[in-house]
Every structure is written in structure tokens, then in C-alpha cells.
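Let me begin by presenting the structure, written as C-alpha cells, before commenting on it.
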Amino acid sequence: MLAFDFVATSTRIAILCIFFHLTGAARKWDYEPILLTTTSSDESKLKFEAKIERLGRSDYGLSGIIEWKYDTNNETMVEAQAYRSNTGDESDYKLLPWAIPKQPFYDYLNTYYKDVILKNLGYCSNLPKYDGKFQPPWPKNTYKLDKCKIDGDGLPEIAPPGFYKIVFTKFGPGQPTWGFTAVFKLTNKIF
């Protein structure tokens, strides 16, 4: 009888540990991309095109081309804001604390770019990858993203359901101002 209680208790503990392992440190949301628009103030220096591609019944990918033809410097800046809406109506969006504060491009490359962009888009693109700290210059190149599925690495694990809008902007003196606006519908992940 004592051996049976020990086995039953051990089994329950093992199941509980497996449950916590499977639910811990994982994204608790799914997303559907709704809108992706790009802008560039000077397409002779930077041309940016992107689109949402349906890969399956509920599977989406992002594809795009960035033709980067200008030099960055210490005055090149990056910033991004995130907004959330319950309804998706433009007047309903509220600013979230999840943002990339205005900062030098090279600082961004050593933080958000490395921790979020490369983790989610590095496998499906030819974006520059590097170990350690980024060493300028940023290479002029045509960068391609091919049906990139965002896993959510580096993003919040828990986010309330609703519509999320991200506005990303890059700018600097004598440089084009360019960026994108993306809208995603987040739902709770079932498993």
C-alpha cells in the first residue's frame, strides 16, 4: 500500500512538472497579421516593399525586400511605438509601454535587433548576423525576407487579446525617413 502511494504521488509530481515545463516560458498568444504598410521618403536611397503571405489555413508569413543604398552614422536614429485596441477601430488604439525608445541605430542593433528581429527573421532572410557587438558600417545591400513566420522570441510571453499596431521609424540627417506600420490580431493560444 505504501509503495502504491509513493508511485501515485511520484506520478502526480511528474505530471505536474511536465505541465509547468510545457506552459512555462512560452508565448501564450497566437497572431494573425492584418495589415503591413511600408514607407520611404527617398526610394533612391532606400526602397522598402513588404507583404503578408498566407501559407496555410491559419499560417501566415511576411515577405519583403529592402534595397539599402545609403550610409548610416552615429546620428541615424530608430524608434517604435506599440498600440492596442479591443476593436481594431483606429480611434480605439491606446499607446502601450512596449516600445523602442528613440535611440541611435547602432545601439538598437545591439539590443532589439539582436534580441527580437534576428531571432524572428534571421532564419528566413539575409539580414546581417553577427556575434558580440555590432561593428559599423551597416552593409549596403538588398535584404530579402521570405515567408517569415514570427515565433515571438524576445516579445512579451503574455499579451491580452486584441488588435496591436506597431509603428517603426528610422531616420537621420541627410538620410531617408522610412519604416513600417503593422497591425496584428492577437488571440489566446489554446495549446
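The values are calculated or read from the model by the stated rules, or taken from the named source; none is laboratory data. Keep in mind that this is a model prediction, so the values were computed, not measured. Note that each Cβ is placed from the backbone with ideal geometry, even for glycine, and that neighbours are counted across all protein chains shown.
Looking only at segment 95-108, filter to residues that are in a strand (DSSP E or B) and of a type in the set (A, V, I, L, M); which one of those is nearest to residue 72 (Cα to Cα)? In this case the residue turns out to be 100. Quick one: is residue 181 at pLDDT 95 or above and within 16 Å of the chain's Cα centre (by Cα)? So residue 181 passes the test.
Which residue out of 177, 187 is closer than 17 Å to residue 60 by Cα and surrounded by fewer than 16 Cβ atoms within 10 Å (Cβ to Cβ)?
Details: 177 fails: closer than 17 Å to residue 60 by Cα.
Only one candidate passes the filter, namely 187.
Pairs meeting the criteria (first residue in segment 150-172 and among the polar types (S, T, N, Q), second residue buried (at least 18 other Cβ atoms within 10 Å of the Cβ), beta carbons under 8 Å, at least 6 apart or on different chains) are 169/78; 169/80; 169/178; 169/179. When residues in segment 109-160 are screened for being part of a loop (DSSP other than H, G, I, E, B) and either basic (Lys, Arg) or under 17 Å from the mean Cα position of the chain (by Cα) (or both), 20 of them pass. Evaluation of residue 113 against the conditions (1) of a type in the set (Phe, Trp, Tyr); (2) under 18 Å from residue 181 (Cβ atoms); (3) buried (at least 17 other Cβ atoms within 10 Å of the Cβ) shows that the sole unmet condition is (2). Within segment 71-103, being buried (at least 17 other Cβ atoms within 10 Å of the Cβ) and either aromatic (Phe, Trp, Tyr) or within 15 Å of residue 31 (Cβ to Cβ) (or both) holds for 82, 83, 84, 85, 93.
Of the residues contained in segment 85-93, one or more are found to be farther than 18 Å from residue 180 by Cα and β-branched (Val, Ile, Thr).
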